[in-house]
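Beneath this line is the structure, given in structure tokens, with notes to follow.
Values in this text are rule-based calculations from the coordinates and carry no lab data. Computed from a predicted model, the values in this text were never measured in an experiment. All Cβ positions, glycine included, derive from the backbone under ideal geometry; neighbour counts span all protein chains shown.
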Amino acid sequence: MKQNIILTKKNKLVNGKVHLTGSKSECNRALIIEALSDGKVRVENVSDAADAVTLQKVLSSKLQVASESSEATATHNTQHTTVNIGPAGTAMRFLTAYFSFQDEDVILTGSERMKQRPIGILVSALREIGANIDYTEKEGYPPIRIKGSAGQQQKDKISIQGDISSQYITALLLIAARLPLGLTLQIEGELTSKPYVEMTLAMLQQAGIQHQWDGNSIHIPHQEFRETSLNVEPDWSAASYWYAIAALADEAELFLPDLTSYSLQGDSVITEIMANFGITSQFKDGGVHLKKEAKPLSRKIFDLKSCPDLAQTIIVVCAALGHDATFTGLETLKIKETDRVLALQTELAKMGVKLTEKGQVYKLDCSERFIPERIFINTYDDHRMAMAFAPLALIIPEIEVEDYMVVEKSYPAFWDDLEKVGFEMK
């Protein structure tokens with residue numbers, strides 16, 4: 001049963017130390033690498049984000065029924081195993097590639113929203129390589145039936161669009177070294193979310209997998225993993241909400257342990273983006289110190305192509321501050337947990353702010369912005385909607401957030417951490 005939470009903050013001062021969970025993006029890649037390595041790779045600091053828990057349960061249980069702490073379930077009959085990964089989008093993409101070249105017959109399904117999220121581009125690419133995949137309901141969308149074809153590779157070079165979800169490309173790169181012929185990906189057009197692809201290749205390299213990236217071509221030959229540990233860094237996407245809180249506070253001093261300035265995560269660019277809002281980032285004492293300083297906000301254009309998961313955070317902060325701005329690089333937002341563009345438009349309208357779309361350019365118009373005494377935020381089964389709008393409690397006296405437990409997908413301790421720095425909730 002979905003429950004709401006009412007959030008308030010009596011003053012606009014924020015101070016404290018916040019320990020963040022492991023990165024969902026890093027952890028999910030590491031778990032697939034671990035599963036493919038035949039025991040040579042171990043993952044340290046596994047994230048407690050629901051998506052990572054789901055993926056780990058599926059991979060570590062050898063398709064036995066997952067525990068109640070995960071949304072994943074597995075049921076068996078004599079022909080196949082059905083794996084339900086709930087709303088875990090990363091798990092859907094990565095497992096589609098993973099199971100394609102295992103000796104398993106699997107039906108991979110998920111929540112109703114998951115059945116609306118396209119997977120056709122990835123399935124077509126895997127079929128071209130030699131995978132045996134069929135749609136069991138709607139063409140191009142989950143559920144899918146994967147009849148594992150270990151060792152049956154037909155092609156070692158394929159083309160794939162660059163302006164799609166980077167998770168499709170990552171899913172193919174993760175399995176490439178275990179394919180008998182290796183794999184060369186030819187990226188067509190401009191590569192969206194490039195830092196996520198770079199993260200994948202860097203983590204594979206840590207596990208002994210070499211690659212060549214020349215122009216738009218990425219080649220990974222068939223090779224073995226080496227024994228190593230992959231340590232998952234805290235989540236920079238989660239850190240972005242604390243940058244938003246600092247930006248909306250009158251005074252803010254926060255410490256986020258274990259984050260580094262040389263992160264693999266593309267969302268670490270939040271340090272540069274939030275510098276525009278007067279937030280300084282000082283890396284010392286084994287983490288990052290955030291501090292709010294008086295600075296006029298002048299930046300008008302934000303290109304979020306390489307960090308789309310930061311879009312809601314930054315757009316909401318601009319709206320809260322009444323800062324008109326233009327955004328690009330939001331193409332993938334419509335196929336996330338919800339249509340994030342439409343969700344933002346709907347919720348921002350509750351405070352008189354308009355987000356208009358023209359082609360691939362989005363403009364934020366705050367000319368009719370007002371600050372209500374109370375606001376109700378719909379979350380649309382999207383963890384990032386809940387966390388991006390929660391900082392508004394610093395400027396709106398009372399915020400009611402729908403289905404507050406949706407944050408478990410990536411940051412289960414979010415509300416507890418807010419309480420620790422003086423937010424009140426009921």
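Normalising by the residue count of the chain, find the relative contact order in percent from Cα pairs under 8 Å and 6+ residues apart. Can you show the working numbers first?
Details: 953 pairs, mean separation 81.2, N = 426.
So the answer I get is 19 percent.
Can you list residues whose amide H is under 5 Å from residue 337's amide H, if they're 5+ apart or on another chain and H is modeled 1.01 Å from N?
none
State, as an integer percentage, the relative contact order of the range 24-231 based on alpha-carbon contacts under 8 Å between residues 6 or more apart.
Values: 443 pairs, mean separation 39.6, N = 208.
Dividing the mean separation by the residue count of the range 24-231 yields 19 percent.
Give the calculated FRET efficiency between residue 224 and residue 335 to the nearest 0.05, with a Förster radius of 30 Å applied to their Cβ-Cβ distance.
Step by step, r from the Cβ atoms, then E = 0.30.
When 370, 283 are ordered from fewest to most other Cβ atoms inside 10 Å of their Cβ, what list results?
Details: 370 10, 283 13.
Lowest to highest Cβ neighbour count: 370, 283.
Within 10 Å of each residue's Cβ, count the other Cβ atoms and sort 411, 380 from fewest upward. It would help to have the intermediate numbers written out before the result.
Values: 411 25, 380 21.
By the 10 Å Cβ count, ascending: 380, 411.
Listing 193, 298, 37 from the residue with the fewest other Cβ atoms within 10 Å to the one with the most, what is the order? Working shown, then result.
Numbers: 193 26, 298 7, 37 21.
Going from sparsest to densest Cβ surroundings: 298, 37, 193.
Using 0.36 nm times the number of residues separating residue 258 and residue 295, minus their current alpha carbon distance, what extension gain do you get?
Details: separation 37, 0.36 × 37 = 13.32 nm, distance 2.72 nm.
In short, 10.6 nm is gained.
So what J values fall out for the range 259-273 if you push phi through Karplus, 6.51 cos²θ - 1.76 cosθ + 1.60 with θ = phi - 60°, rounded to Hz, Gly and Pro as x?
Listing the rounded values in order: 7, 10, 7, 10, 5, 6, 7, x, 6, 5, 5, 4, 4, 6, 5 Hz.
Using the basic label-point model (7 angstrom from Cα toward the beta carbon), what is the residue 354 to residue 285 distance in nanometres?
According to this spin-label approximation, the distance is 4.6 nm.
Give me the extension gain from residue 112 to residue 1: residue separation times 0.36 nm, minus the current Cα-Cα distance, reported in nm with one decimal. Each step should come with its number before you reach the end.
Values: separation 111, 0.36 × 111 = 39.96 nm, distance 1.62 nm.
Length gained, residue 112 through residue 1: 38.3 nm.
Is it possible to state the helix-based mean residue ellipticity at 222 nm for the chain, with each DSSP H run of 4+ residues giving -39500 (n - 2.57), the sum divided by total residues, to the nearest 500 deg cm²/dmol? What is it?
Working: 12 runs with 123 residues, N = 426.
So the helix-based figure for the chain works out to -8500 deg cm²/dmol.
Under 5 Å between amide H atoms, partner at least 5 residues away or on a different chain: which partners does residue 302 have, H built in plane at 1.01 Å?
326, 327, 328
For the chain, find the longest principal axis of its Cα atoms and tell me its angle to the long axis of helix 236-248, 0 to 90°, nearest 10.
10 degrees
Can you list residues from other chains, or at least 5 along the same chain, whose modelled amide H is less than 5 Å from the amide H of residue 159?
186
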